[in-house]
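The values are calculated or read from the model by the stated rules, or taken from the named source; none is laboratory data. Everything quoted here is computed from the prediction, not taken from an experiment. Here the Cβ is made from the backbone with ideal geometry for all residues, glycine too, and neighbour counts use every protein chain on show. Just so you know, the surface numbers come from the protein's heavy atoms only, side chains and all, with ligands and any DNA or RNA stripped out. Shrake-Rupley method; radii C 1.70, N 1.55, O 1.52, S 1.80 Å.
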Amino acid sequence: MLEAIDIKRRDGIAHVALNRPSARNAVTMAMWRQLAETFAGFAADRNLRAVLLTGEGKDFSVGADISEFDEIRNDKRQSAEYEVAVDACSGAIAGLGKPVVAAISGYCLGGGCHLALACDFRFADRTASVGIPAAKLSIVYGVRSVQRLSALVGISNAKRILYSGDRYPAEQAKSIGMIDEIHDDARLAAGQFVERLAANAPLSIAGAKFMLNGLAMGKGALDLTEAQRLIDAASDSEDFREGRRAFAEKRPPRFRGE
């Protein structure tokens, strides 16, 4: 595990922090790959119920580490390889059948937005500055992340964000859908929110997330066969029986994800 990514687990929740505060948590190629591997591993962990993604220090992430581009993203072949790593990372986050919430402070730019857009929810504090400066670097943002951006903010706002390369303060970012909630302490509020989600039925959340993500990514993106499998699995689950028992007995359910 890279020192640049810090992971702690408490009560079924993984707290994942980008840990390069001196570099404003700029994401290296090694970090993209490690994050993809980490979130893929979370998918197989039945004891894990939710993930909180943050950045150490004052910033969520200033974006990709451009200082290494001369060596690893210097032509179209290297750029294609780089986008594969970025898409694998954001795909692993978005595809994880558990809630993932980003807590954003300070800069959340470019590659930082890749990460935040792949999460289910984005909580920010009032220092947050969100943007995608690809047009200032002659970079075309990846297809999957453009799809996620457009699904969140609408095509007109997505064009404004990508054409201008502007940075948006927290209130403005919330008004166009890039941020869901603003709090004085984004990490605390996001942590309390994931605790609430983690108490709910994991099979229900996994099914809802799979279907909503597929529908958001455009016509034909949703695998209807897999969606039906998830519906059937929940209907046949011990958790469904536990939910009915808990309702009848007027007590909180104890879900196990099976």
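Candidates in segment 136-152 are the residues that are hydrophobic (A, V, I, L, M, F, W, C) and touching a helix residue (DSSP H, G or I) at 6+ places or on another chain (Cβ under 6 Å); of these, the one that is most open to solvent (accessible area, probe 1.4 Å) is ALA151. Residue count for segment 175-194, restricted to those that are open to solvent by 90 Å² or more (accessible area, probe 1.4 Å), closer than 16 Å to ASP120 by Cα and in contact (Cβ under 8 Å) with a residue 12 or more places away in the chain: 1. Conditions: (1) more than 28 Å from ILE205 (Cα to Cα); (2) part of a loop (DSSP other than H, G, I, E, B). ASN157 meets all but one. Number of the miss? Result: ASN157 passes all but (2). Can you find a residue in segment 176-195 that is over 24 Å from VAL130 (Cα atoms), of a type in the set (S, T, N, Q) and at pLDDT 95 or above? Checked segment 176-195: no residue is over 24 Å from VAL130 (Cα atoms), of a type in the set (S, T, N, Q) and at pLDDT 95 or above. Of the helices (runs of 4 or more DSSP H) lying entirely inside segment 59-122, those containing at least 3 residues that are without any contact (Cβ under 8 Å) to a residue 12 or more places away in the chain, open to solvent by 10 Å² or more (accessible area, probe 1.4 Å) and not hydroxyl-bearing (Ser, Thr, Tyr) are 69-72, 76-95.
For MET211, the criteria (1) over 19 Å from the mean Cα position of the chain (by Cα); (2) surrounded by 12 or more Cβ atoms within 10 Å (Cβ to Cβ); (3) free of Cβ contacts under 8 Å to residues at least 24 places away in the same chain hold in every case but one, which is (1).
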